[in-house]
Structures are given as C-alpha cells and as structure tokens.
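One structure is given here, and the rest of the page talks about it.
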Amino acid sequence: MEGRARLPILAIGCVLIAAALAAVLAQSGVRRTGLNRVRAVAQLGTLERGRTLCQRGELVPAGTGAISVSLLAPPAGGGAVRVAVVARDGTTLAGGAAPAGWGGVARTIPLRPVLARDAVARVCVTAAGGGIVGLAGEGAADGGGGRAAIGRRALGGDLRLVYLRAHAASWWSEVATVARRMGAGHPLGGTALAVLTALLLTAAGALAAWQLLRGAQ
Amino acid sequence: MAAGALELTRTARVPRRRRLAALVRRVPAAAWLCALAAFLNATAWSLITPAFQVPDEQAHYAYAEFLAQHGRPPVPRARDTFSGSERAALRDLKFATTMFVPRNGALWNPWEQARLQRDLRLERDRSGGNGAGSALGGEPPLYYALEAMPYRLAAGGSVLDRLALMRLASALMTGATVLLVFLFLRELLPGRPWSWTVGALGVAFQPLFAFVGGSVNSDALLYAAAAAIFYLLARAFRRGLSVRLAVALGAATAVGLMTKFNAMGLVPGVTLALLALAIRQDGGLRPRTLRLPALALAVALAPALIELALNVTVWDRPAIGASASAFRLGGDIHPTLPGALAYAWEFYLAPLPGMASPLGHLPLMDTWVTGFVGVFGWVETEWPVAVYRAALVPLAALALLAGRALLARRDALRARRVELLVYATTALLFALSVAGASYVGHLRDHTNNAQARYLLPLLPLYGALLALAVRGAGRRWAPLVGAAIVALAIAHDLFAQLLVLARYYA
C-alpha cells in the first residue's frame with residue numbers, strides 16, 4: 001500500500017467532493033430574508049371574502065420581495081389573496097396579490113417594490129376572492145390578544161410570516177449573508193467566523209489526506 | 001534546608017517529566033495527527049452550531065456555571081432555573097422558538113443581534129439559578145468540573161464567550177477519543193498500520209460525533225472514557241493484565257462513572273473482561289485470580305464512593321444521583337425483566353406481533369441508522385429520507401468487507417474468540433442499559449430516550465469495522481477502499497455541516 005497508489009485515489013476523492021459541493025451550492029431556490037419565528041401550530045381563525053387581517057410590529061427585512069403567509073386553503077382551493085406592508089404612518093411600503101387556485105398550508109405572494117431597507121410595519125392580508133381561508137399561527141404566549149387582528153377583533157395570537165427574496169438565487173449568492181448571520185453574538189463576528197471555520201475544515205481535511213498518503217509510521 | 005527540599009522536588013520531577021515525554025513519544029505520530037484532525041473538525045462544528053442548539057446544552061452549561069460559581073454540584077430540583085445572564089442569552093437568542101422548529105433559523109435580524117449584544121453586556125448575574133437541577137441535578141460532576149476551567153478563563157466575557165471556550169474543551173476531548181480509538185485499533189488489529197489511520201479518521205469525521213464533540217455536553221468526556229476502556233482492554237488481551245493496566249482500566253472506568261450515569265452500562269462488560277483476562281492468565285479461577293479484577297473495580301468505584309459520601313455529608317444531594325434522575329425507580333412504576341427485554345427489542349429492532357411500538361415500525365432504521373447518519377440540532381435537522389436510504393449502501397458494503405476480513409482470518413479469530421466475545425458482550429450490555437434507562441422513563445411518563453448519540457461510546461467498534469473493511473478489501477484494493485472510506489467520511493461530515501448551516505442561517 002504505497003503512498004503513490006493512494007495519491008490518485010485521494011485526488012479523485014477531492015475532485016468528487018469539490019464537484020458535489022459546487023453542485024449543491026449552485027442549486028437555485030428562493031431564499032429567506034427573515035421570518036417572524038411564529039410557529040404554525042394552531043388555527044387562529046378564518047378570513048372571509050373581502051376581510052383584511054393586519055399584524056402589527058413585524059420586522060420586514062431589506063431585500064424582501066415576497067411574503068409566505070401561513071394560510072389554510074379550503075378544499076375547493078384558495079381564492080385570490082392580497083398583501084400589503086404598511087408603515088407606522090400609514091404609507092404602503094409594498095404590496096402584491098396572488099391569484100386563486102392554490103392549496104396547502106402557505107401562500108407565497110410577490111411584493112412590489114422590493115423593500116430597500118428594513119422596516120417595522122403592519123402586514124395586512126386580504127381575502128380578495130373565493131372561499132373562507134384558515135389562518136395558521138400560534139396563540140399569544142402571555143395569553144393576551146396577540147398581534148393579529150381582523151378589524152378591531154384580536155385573534156389571540158400571531159400569524160406565521162416568512163419573508164423571501166423576489167427571485168430564486170444560488171447558495172453562492174447567499175454566502176455573505178450566511179456568514180453575517182453566523183456571527184450573532186460571537187466575539188469574532190460573522191465573516192471572520194466563516195473564514196475561520198473554512199480554514200479549520202480545510203486543515204482537518206488536509207491532515208487526513210496527508211495521513212493517508214504517508215501511512216502510519 | 002528549604003533549598004535541599006527544592007532540589008529533591010526537582011530531581012523527583014525530572015524523571016516524571018521524562019517518563020511522560022517517553023509515554024508521549026510511544027504514541028505514533030499518526031495517532032496524534034488523527035486526533036488533531038478530529039479536534040479541528042469538532043472546533044469547526046462548535047463555530048457552526050448556534051449557541052444552545054445541541055440537545056440539553058443549556059442545562060450542561062448551567063451545571064458547569066453552578067459548579068464554577070458555588071464550588072459544588074447542583075441539587076436535584078423539580079424544574080430547571082438558570083442564572084440571569086444565561087436566561088437573557090436564551091431569551092435574546094430566541095432559544096424556545098428555534099429548538100424543535102426546523103423552519104425557524106438562528107438570529108438574523110440586525111435589531112435582534114444588537115439587542116442580544118446589549119443584554120449580554122448588561123446582564124451580569126451568574127450565580128442565580130439551580131444549575132439545571134431537574135435535567136442534570138443528580139449527575140456526577142467530573143465533566144462539569146473540567147468545563148469550569150474554560151468557564152473561569154473566559155470569566156470577563158459574555159455567556160457566549162464562555163460557551164465558545166467550553167465548547168473548545170469538549171473538542172479537545174473529541175481529539176482524545178480519536179487518539180484512543182487509534183491506539184485501540186493498533187492493539188486490536190496489529191500488522192496493518194494503515195488500517196488504524198483509516199479507522200481513526202472515519203471516527204474523527206463521523207458527523208454526529210463531531211457535532212456532539214463541538215458542544216457543551218458530558219457525552220464528549222464519556223466517549224473518551226469509553227474509548228480508553230476499549231483501548232486498555234485490547235492492550236490487556238494482547239499483553240496480559242498487569243497491576244498497572246488494572247489500575248488504568250479502573251481509572252478509565254472511574255472517569256466514565258464520574259462523567260455520566262450512562263457509563264454504568266459499561267461496568268458489566270468491563271467486569272466480565274477483567275474476569276476473562278484474569279482466568280486466562282491464571283489458567284483457572286482461584287481466589288488469587290480475583291486480585292487484579294478487584295483492584296481495577298476498586299479504583300473504578302472509589303471516586304463514586306467518595307462522591308456518594310460527599311453527596312450525603314456536604315452537598316445535601318441524594319446519595320446516588322441516579323436515584324433522583326428521570327430514570328429513577330420506585331414510586332408507582334413496576335418494571336419487570338420480561339417487560340424490559342420486550343421493550344429493548346422494540347427499542348432497537350422492530351415490534352413483534354402483539355407488541356407495542358413505542359418507537360415506530362422500524363426503529364433500527366428510523367432511529368438508529370438515521371440518527372447515526374445524522375440528525376442534528378435538537379434532533380430535528382434532517383436530510384431528505386432518500387439520503388438515509390442511500391447511506392445503507394456504503395454501510396452494507398463496509399459490513400460485507402469487514403465480514404470478509406473476519407472470514408479470511410477465522411483461524412486467528414478462533415484463537416481470540418474470548419476477546420471478541422467480550423467486546424460483543426460489552427456492546428450488547430451497554431446497548432441494553434441504554435434501552436433499560438429509556439424503559440424506566442417510558443413507564444414513568446411514556447417518553448422514549450432514543451438518540452443515536454447514546455450509543456457513541458461504542459465508536460471504537462465502529463472504527464474497528466472500518467479498519468476491518470480495509471483489510472477485507474485485500475492487499476490490491478485496500479488503498480482504494482481506505483481512501484474511499486476517508487473521502488466519504490469527510491464528504492459526509494462536510495455536507496452535514498452544510499445541512500446545519502442551511503437550517504440555521506439560510
């Protein structure tokens with residue numbers, strides 16, 4: 001088992017790992033810009049045609065170009081839904097609509113324009129057509145009214161909202177964002193932490209490869 | 001006179017230092033390098049995994065903090081309470097809404113991050129709380145006493161600074177485990193040094209092991225203690241049981257027993273091994289045959305007895321900590337041996353007709369294989385099912401190659417059948433003890449404690465499987481198989497880290 005015999009095998013292994021990594025990171029998908037951390041574990045109520053639900057105190061991140069709202073479609077399929085992001089002074093920062101004919105437990109609605117900066121806002125959802133839509137979220141932890149309300153009627157909880165980018169993108173394009181998020185509360189900060197992690201992994205992998213080549217002395 | 005005493009101390013120290021240096025030199029460089037690779041990998045995991053997003057890490061941190069602040073282990077309580085600084089960190093990190101919710105990532109929002117930084121600076125209380133008295137109050141204190149050192153080193157920092165340094169201490173224990181796995185393989189399978197490297201590296205890059213090793217969790221030290229036990233047993237089977245080896249085996253078992261209750265599951269196997277070794281050495285069972293096993297067990301149990309005495313006299317804890325754990329017997333539960341055996345069968349394999357199925361229809365695949373291939377975070381961060389199914393192919397290939405190696409050397413195997421039987425029995429008894437602990441919990445409150453990490457003290461045997469697979473490939477194909485095993489292990493680990501990154505940060 002000479003080191004020479006292992007070298008091409010290891011080289012092939014490294015190339016395969018690098019190729020698989022590149023393929024995974026090139027996968028395209030709509031990435032999240034944020035979420036309100038509410039779990040969709042309860043039905044908060046229903047939204048009838050023409051009614052609007054508003055949820056106050058939402059932190060809508062910059063770059064958001066769509067919102068995924070936890071809505072339960074009726075058996076015949078969901079009707080058209082409109083959504084609006086409304087600033088504290090009543091200005092509509094962004095809005096959008098999705099046509100009828102959807103199913104499942106969440107509806108993604110594109111927003112225009114894409115939010116240029118972070119905003120603390122109300123997110124309002126209107127059932128613009130079709131049957132009654134179920135609202136999925138979580139009861140208020142303090143047993144109070146929660147942040148979601150239809151008109152003046154509080155629903156006793158919060159609706160789950162996920163903020164998304166407008167277009168699909170590869171993981172490569174998210175590397176800087178992921179690195180920044182990794183640094184939350186860490187003394188090194190995000191980018192340095194990501195670089196250090198990559199260096200550690202490379203060093204561990206290189207050590208392993210070297211070990212295989214030199215054999216146990 | 002003082003100068004003379006100093007001189008005496010110096011001369012006593014020099015040989016000891018030389019002995020230590022000689023001991024270190026006797027360990028092959030390859031073993032150190034495998035250990036270093038494991039340490040680096042576990043450190044990377046410690047940076048990737050968000051704070052407290054490893055099972056029970058908040059409780060392990062609280063125990064270590066309590067011990068560092070009060071100089072004693074916590075007392076079992078009805079519910080866990082934490083210090084003000086840990087509470088603030090858990091609140092601002094959105095701990096409760098992140099664990100068990102795979103679709104909720106870690107902190108992303110700049111406002112939330114700013115609030116976390118501010119609160120970490122402002123909230124200074126460290127001595128409040130009961131040290132996770134409910135989750136861990138009865139557990140032995142060794143791991144936490146070791147973790148109190150990095151805790152104190154980072155005393156001026158925040159909760160997250162201390163946690164980061166404490167995770168590094170666990171990563172060091174992970175490196176030690178891999179070093180001991182290498183040494184175990186060297187004793188177990190002499191003759192093909194390269195296969196030791198493959199086995200040790202396969203363990204070093206096992207993602208679940210590295211994930212736990214990169215966190216604050218007493219399992220990290222238990223794994224090292226178990227690896228030491230396997231190494232010393234293999235050494236004793238190869239070279240004979242000496243007084244020094246008996247003491248070392250006792251010490252390794254003591255480390256396990258002082259680390260986590262689960263180590264109790266290794267004691268029957270160690271006892272059996274000691275008896276087998278002593279009988280083989282003496283050519284039969286006589287009273288003096290029991291001398292070395294008794295010495296080893298005395299060394300193993302002595303610290304636990306000291307802890308028991310301290311529990312009663314100084315610490316005001318129940319004499320036996322396990323009696324206050326979630327697995328305590330007594331009260332209105334009535335465990336039976338047939339019930340325990342039936343539960344163990346269902347726990348690992350599959351329910352038989354007429355049996356209940358506490359862990360689903362195929363626990364062997366759904367819990368154990370899946371868990372070993374990798375389920376991260378609070379046991380909720382998973383790959384698609386197809387990945388676990390695909391993993392069966394290399395696992396089966398490894399088993400076949402290892403089986404081939406054993407078949408090819410069946411004559412040598414016959415000569416070492418007692419030794420192999422001891423390893424198999426040790427593994428079986430340990431696995432039964434894990435199932436037994438879960439059985440008690442199941443009777444008490446219908447919960448099942450089935451996580452693959454509980455079986456990782458048996459990792460040295462996994463390393464042996466990998467090393468055997470290399471041998472099973474034959475001389476011609478061994479380089480290909482060995483390199484493929486390590487490359488696959490590294491790829492497995494790398495993609496597990498990507499999975500965790502995607503779950504928390506994307």
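The label-point distance for B:Asn449 and B:Leu20, in a model that sets each label 7 Å from Cα toward Cβ, rounds to 3.6 nm. Enumerate by residue number the trypsin sites (Lys or Arg not before Pro) in segment A:44-101 meeting two conditions: DSSP loop (anything except H, G, I, E, B), and at most 13 other Cβ atoms within 10 Å of the site's Cβ. Here the sparse-neighbourhood loop sites are A:Arg88.
Among the residues of segment B:92-128, those with an accessible-area drop of 50 Å² or more from chain alone to full protein complex, heavy atoms and 1.4 Å probe, are B:Arg103, B:Asn104, B:Trp108, B:Trp111. Exposed loop sites were defined as trypsin sites (Lys or Arg not before Pro) in DSSP loop states (anything but H, G, I, E or B) carrying at most 12 other C-beta atoms within 10 Å; in chain B the longest segment without such a site runs B:125-506. Looking at the protein assembly as shown, the accessible area is 43 square angstrom per residue; that uses a 1.4 Å probe and ignores ligands, DNA and RNA. Residue-wise HN-Hα couplings along segment B:296-313, as the Karplus relation 6.51 cos²θ - 1.76 cosθ + 1.60 with θ = phi - 60° gives them from phi, are 4, 5, 5, 5, 5, 8, 4, x, 5, 5, 5, 4, 4, 5, 5, 4, 7, 8 Hz; Gly and Pro carry x. Each part reduced to its alpha carbon centroid, segment A:50-110 and segment B:210-254 end up 58 Å apart.
Remark: accessible surface ordering of B:Val27, B:Val181, A:Val41 (largest first) is A:Val41, B:Val27, B:Val181, probe radius 1.4 Å. For B:His334, the accessible surface of its heavy atoms amounts to roughly 140 Å² (probe 1.4 Å, protein chains only, rounded to the nearest 10). Taking 4.7 Å between C-beta atoms as the pairing limit, the protein assembly as shown has these partnerless cysteines: A:Cys14, B:Cys34. When the accessible areas of B alone and A alone are added and the area of the pair subtracted, with a 1.4 Å probe, the result is around 4600 Å², both sides summed.
Each residue of segment B:137-148 was assigned a 3J(HN,Hα) from its phi angle through the Karplus expression (A = 6.51, B = -1.76, C = 1.60, θ = phi - 60°), giving x, x, 5, x, x, 4, 4, 6, 5, 5, 5, 5 Hz with x at Gly and Pro. Within the shell defined by Cβ-Cβ distances under 14 Å, the residues around A:Gly139 carry a net charge of 0, with Lys and Arg each +1 and Asp and Glu each -1. Local charge sum around A:Leu47 (other residues, Cβ-Cβ under 13 Å, Lys/Arg +1, Asp/Glu -1)? Result for the neighbourhood of A:Leu47: +4.
For segment A:30-170, the carbon plus sulfur part of the accessible surface works out to 52%, probe radius 1.4 Å.
A 1.4 Å probe, protein heavy atoms only, puts the accessible area of A:Ser173 near 70 Å².
The values are calculated or read from the model by the stated rules, or taken from the named source; none is laboratory data. Note that the coordinates shown come from a computational prediction; the quantities given were computed from them, not determined experimentally. Note that we place each Cβ from the backbone using ideal geometry, even for glycine, and neighbour counts take in every protein chain shown. For accessibility, only protein heavy atoms count, side chains too; no ligands or nucleic acids. Shrake-Rupley method; radii C 1.70, N 1.55, O 1.52, S 1.80 Å.
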